[in-house]
Structures are given as C-alpha cells and as structure tokens.
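So the structure is just underneath, and the comments pick up after that.
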Amino acid sequence: MIALMTWLRRGATLTTGLWRIILARFFYHLAAGDQGSQVTERRPGLAALGKRCCVFVHFDDRGIVKQHTRCYLLALRRSGFGIVFVTNAATLEADSAQWLAEHCALILIRRNRGYDFGAYRDGIAAFFQAQIKADLLLLANDSVYGPLVGLGDIFDRMDFGKADVWSLTDSWQHRYHLQSFFVAFGPAALASAGFAEFWQRVRNVRSKWAAIHFYELWMTHRMQSAGLRCAAIWDYFALLGTLQEAQNAPQPDGPVTIEQSVRRLANERALACWRRRIALNPTSDLWLALLQDGFPFIKRELLRLNPGRLLDLHMWHSVVSRRSPQMYRLIMDDLKMSMRKQAP
C-alpha cells in the first residue's frame with residue numbers, strides 16, 4: 001500500500017509538472033510580440049540613485065507596502081542602495097505611496113503582466129534611462145521575509161572579480177539557475193550586450209509558470225552564453241556538504257531532544273535526495289541549513305504553504321524569533337492576515 005501511494009504521488013507530480021509546462025508554452029507563445037512597458041504611472045521619490053541601485057518588485061492586491069517589506073527596503077538603503085520601486089498592484093495605497101516617496105528614488109506603478117520579470121524589465125529600463133553610472137544593479141522582490149541579519153556582509157562576499165552575476169542561492173531543479181529573488185549584476189554584466197538583449201526580449205506573459213519556465217530558469221543560461229560568470233553565495237553543493245558533515249559528526253551524550261531527532265530526519269531526507277540525484281529547492285528544502293549559516297531571509301511561500309511538506313518547518317518559530325524578534329513579530333502579523341486552513 002505504501003509503495004502504491006508513493007507511485008501515485010509521483011504520478012501526480014509528473015502530471016502536474018507536464019501540465020505546467022504545457023500552460024507555460026501556451027502563454028509564452030500567446031504573448032509573442034508583447035514586450036512593451038506596462039508602467040502606467042511614474043512618481044519621483046526624494047532619495048537619489050548612486051553607485052548601487054536596486055530594482056525592487058512588489059505585489060499586494062490592495063497596493064499596500066507592508067511593514068516587513070518596509071524593513072527590507074530600509075535595510076537596502078542602509079547598504080547604500082538607491083531604489084527603483086516597481087509595483088505590480090496597478091495602484092498604491094496612500095500611506096504606502098507617501099512612505100515610498102520618502103525612501104525611494106523612483107516609483108513605477110504597472111499592470112501585472114509579465115509578473116516579476118516583466119516588472120524587472122521595466123525597472124531596468126528606467127534605471128538605464130536615468131543614465132546612472134552604477135557599479136552594481138540588484139534585482140530583488142518581496143517574496144521573502146527579512147532581512148533577519150544585516151545585509152552588509154552579503155555584498156562584501158560578492159566578488160565581481162570572480163563572477164559577474166551573483167545570487168544568494170542557486171538551484172538545479174529543472175535546469176541549473178540562480179534563484180531570482182535576489183540577483184546582483186556587476187560592471188561587466190551591465191555593459192554586456194547579452195544582458196541588454198535578455199531583458200529587452202522579456203514578454204508580458206499572463207502565466208506565472210511561463211515567467212518561471214522561460215525567464216527564471218533561462219536567465220542564468222542566457223548570461224552564461226553571453227560569457228558572463230554566474231555564482232551563488234550559498235552554493236547548492238556546499239550546503240549539502242554542510243548537512244553531510246552534521247550527519248557524520250559524533251552525537252552528543254545524553255538524551256536526544258525531539259528537535260534534534262526532527263532535524264536529523266530532515267537532514268537525512270535531503271541527503272537521500274542528493275544521493276539519488278534529485279534536485280532540491282534550497283530556500284525551501286534547505287531552509288534551516290541556510291539560516292544556521294547566516295542566510296538573511298525566509299521565503300513567504302515556505303511559511304504560508306510548506307510546499308515540500310517539510311518535517312522541520314515548525315522550528316522556524318524558535319530560529320527566527322531568536323535571530324530577529326522584531327521581524328518575527330512582523331512575520332506573524334502578516335501570516336495572521338494571509339494564511340488560510342492551517343497554522344504557521
């Protein structure tokens with residue numbers, strides 16, 4: 001019976017994956033030729049752009065910039081970034097608009113076509129129109145909670161002598177790619193014809209899966225094909241190596257706590273996938289290893305949906321509340337408003 005259920009789950013997963021690919025291709029081809037800006041309004045802000053620029057993409061169906069997102073934007077400001085804020089909400093609530101005007105260089109309000117990559121494209125176009133000679137262009141979005149720690153160390157670790165494009169994490173799911181919720185482009189990338197060509201060709205697709213399949217999964221390949229070097233600060237195999245070392249380490253004497261047992265089970269599940277060459281999503285399946293190594297974010301989707309049905313996710317409360325009590329409170333406030341049919 002267990003074997004039958006396992007095969008049924010695998011069959012359902014394969015069917016879902018195939019259906020998503022079919023939909024992605026359909027909506028991608030449906031958007032052929034639709035590459036125009038979806039910006040309906042541009043509002044100047046009081047802050048300035050400089051050597052470091054961030055295109056930050058936001059979505060909230062009421063046009064509200066929530067407190068945890070404001071903390072993220074302020075952390076970017078403290079790290080020296082001028083911000084081009086792009087909302088896919090088609091509107092902004094009055095208090096949020098006023099706050100953004102004080103802390104951003106430019107606010108773009110657009111229709112939600114093309115999802116994050118369409119918004120990134122429109123924000124990048126505005127960045128180049130400003131003719132700012134930046135050394136670093138960061139693409140970030142509000143799909144995460146955080147930062148739980150300061151961001152200064154993150155940018156110190158981005159050595160643009162070793163790679164031209166840096167992300168926080170990389171993934172081998174579907175194909176190798178840098179995860180696009182936080183990607184930094186250095187001088188060589190910004191001057192590359194391949195970089196410009198990729199973003200100019202982004203279509204206003206009407207399907208999330210089309211945006212993931214044709215842009216998130218292919219962006220890294222396009223950058224590499226243009227001769228740009230790509231790297232992640234938290235490298236996928238380095239993370240798995242850390243898990244393997246933890247599993248091999250001698251166990252402490254004395255009684256084993258429930259949390260220690262759950263952690264070992266979760267680690268063994270991840271390592272079993274590694275041994276079977278099954279690709280994992282590091283920001284979901286390896287969330288605890290990331291946070292223990294100083295990773296500054298936790299994914300909103302992970303806490304709201306737990307898509308991988310992880311055994312150890314309940315531990316996020318103790319880990320995050322110790323790391324950042326203020327952010328923990330803001331996360332709980334948001335989850336109380338957004339979660340349905342389950343507890344965080």
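The values are calculated or read from the model by the stated rules, or taken from the named source; none is laboratory data. In this text, all values refer to a predicted model and were calculated from it rather than measured experimentally. Every residue, glycine among them, receives a Cβ derived from its backbone with ideal geometry; neighbour counts consider all protein chains shown.
Which condition number does residue 70 fail, the rest of (1) surrounded by 20 or more Cβ atoms within 10 Å (Cβ to Cβ); (2) at pLDDT 95 or above; (3) under 20 Å from residue 183 (Cα atoms) being met?
Only one criterion is unmet by residue 70, namely (1).
Are any of the residues in region 194-209 more than 22 Å from residue 114 (Cα to Cα) and in contact with a strand residue (DSSP E or B) (Cβ under 8 Å, 6 or more places away or on another chain)? Give the steps one after another, and end with the answer.
So the first thing to find is which residues in region 194-209 are more than 22 Å from residue 114 (Cα to Cα), and the list is none.
No - not one qualifying residue is present in region 194-209.
Name the residues in region 108-145 that are within 13 Å of the chain's Cα centre (by Cα) and part of a loop (DSSP other than H, G, I, E, B), would you?
Selection gives 142, 143.
Grab the helices (runs of 4 or more DSSP H) fully contained in region 188-231, keeping just those with 2 or more residues being farther than 22 Å from residue 131 by Cβ. Even if it seems obvious, please write down each step before you answer.
Numbers: elements: 193-200, 208-211, 217-225.
In region 188-231, the matching helices (runs of 4 or more DSSP H) lie at 208-211, 217-225.
Anything in region 60-79 that is among the small types (Gly, Ala, Ser) and in contact (Cβ under 8 Å) with a residue 60 or more places away in the chain? List them, or say none. Outline the logic, then answer.
Residues of region 60-79 among the small types (Gly, Ala, Ser): 63, 75, 79.
75, 79, listed by residue number.
Pick out the one residue from 168, 137, 190 that is under 30 Å from residue 332 (Cα atoms), at pLDDT 95 or above, among the hydrophobic types (A, V, I, L, M, F, W, C) and not assigned by TED's automatic domain parsing to the domain that holds residue 289.
Details: 137 fails: under 30 Å from residue 332 (Cα atoms); 190 fails: under 30 Å from residue 332 (Cα atoms).
168 is the lone residue from the list that is under 30 Å from residue 332 (Cα atoms), at pLDDT 95 or above, among the hydrophobic types (A, V, I, L, M, F, W, C) and not assigned by TED's automatic domain parsing to the domain that holds residue 289.
Restricting to region 185-213, give me the number of residues that are touching a Lys or Arg at 6+ places or on another chain (Cβ under 8 Å) and among the β-branched types (Val, Ile, Thr).
Within region 185-213, residues that are touching a Lys or Arg at 6+ places or on another chain (Cβ under 8 Å) and among the β-branched types (Val, Ile, Thr) number 2.
Mind checking which residues of region 41-67 are among the small types (Gly, Ala, Ser) and either modelled with pLDDT of 95 or more or not assigned by TED's automatic domain parsing to the domain that holds residue 105 (or both)? Steps first, answer last, please.
First, the residues of region 41-67 that are among the small types (Gly, Ala, Ser): 45, 47-48, 50, 63.
45, 47, 63, listed by residue number.
I need a count of the residues in region 226-251 that are more than 25 Å from residue 277 (Cα to Cα), loosely packed, with under 15 Cβ neighbours inside 10 Å and in contact (Cβ under 8 Å) with a residue 12 or more places away in the chain. Reasoning before the result, please.
Let us first name the residues in region 226-251 that are more than 25 Å from residue 277 (Cα to Cα), namely 226-228, 250-251.
Then keep just the ones that are loosely packed, with under 15 Cβ neighbours inside 10 Å; that gives 227, 250-251.
After this cut, where a residue has to be in contact (Cβ under 8 Å) with a residue 12 or more places away in the chain as well, the list is 227.
The qualifying residues number 1.
Which condition from (1) in contact with a Leu (Cβ under 8 Å, 6 or more places away or on another chain); (2) under 29 Å from residue 235 (Cβ atoms) is the one that residue 105 breaks?
Result: residue 105 fails condition (2) only.
Which one is surrounded by the fewest Cβ atoms within 10 Å (Cβ to Cβ) among residues in region 282-293 that are touching a Phe, Trp or Tyr at 6+ places or on another chain (Cβ under 9 Å) and farther than 23 Å from residue 175 by Cα? Outline the logic, then answer.
Looking only at region 282-293, we keep the residues that are touching a Phe, Trp or Tyr at 6+ places or on another chain (Cβ under 9 Å), and these are 282-283, 286-291, 293.
Still in the running and farther than 23 Å from residue 175 by Cα: 288, 291, 293.
Working: 288: 22, 291: 20, 293: 13.
Ranking the qualifying residues of region 282-293, first place goes to 293.
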